[in-house]
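Here is the structure we will look at.
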């Protein structure tokens, strides 16, 4: 926390930095960051001038490169994304090491974007890959469960007809995109 020219600068334990006037008015978000564990996923969306990130803190962010601000946020996993059902898996519990306090299924590992399909694909620390609507990260299109361990690399093919996923189970998974 710091005070300068009638403004208070506040850093929160959730990675957010805000300014507020001393009288409590004009509160503004200055910046956000991943705050619990590590930041893992990164994908630049060149045509939009933005980039996507995901991390151990269950957060997905899209940042404007020009404005240096977060413009959109979402979650790697929530009850709402899965119809109110708790997370279940029968996968071997082989995960990347982490210091995060979030459950493994909420820890993001890789992220990518498809302009053609308007999708964001994000993997968790078990290897599940959620396909989300780019316009609304709270809308899940489907989830891919085949990878048996965490996936750090996700990329759509140049024609965006395929999604390739590199997993720590020593496999590369290639999915044909139908819709």
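Every number here is computed from the coordinates shown, using simple stated rules; none is lab data. Everything numeric here is computed off the predicted structure, so don't read it as measured data. Please note: Cβ atoms are built from the backbone with ideal geometry, for glycine as well, and neighbour counts cover all protein chains shown.
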Relative contact order of segment 113-179 (C-alpha contacts under 8 Å, at least 6 apart) in percent is 24 percent
So for R0 = 25 Å, FRET eff. of residue 164-residue 31 from the Cβ-Cβ r, to 0.05, ends up at 0.15
The exposure ranking of 167, 39, fewest beta-carbon neighbours within 10 Å first, is 39, 167
Length-normalised contact order of the chain, Cα under 8 Å, at least 6 apart, in percent, tallies to 14 percent
For the pair residue 13 and residue 87, the simple spin-label estimate (label points 7 Å beyond Cα toward Cβ) gives in nm 2.1 nm
Within the set 16, 140, 148, GNM on the chain using Cα springs under 10 Å gives the largest fluctuation to 16
Listed residues 137, 79, 35; largest mean-square fluctuation, Gaussian network over the chain with Cα springs below 10 Å, found at 79
Checked segment 17-69 with the C-alpha gyration tensor, a ≥ b ≥ c its square-rooted eigenvalues, rounded below a/c of 1.5, otherwise prolate if a/b is larger than b/c and oblate if not; verdict oblate
With N residues in the chain, Rg(alpha-carbon) / (2.2 N^0.38 Å) equals 1.12
Using alpha carbon centers only, segment 156-179 is separated from segment 80-99 by a whole-angstrom value of 21 Å
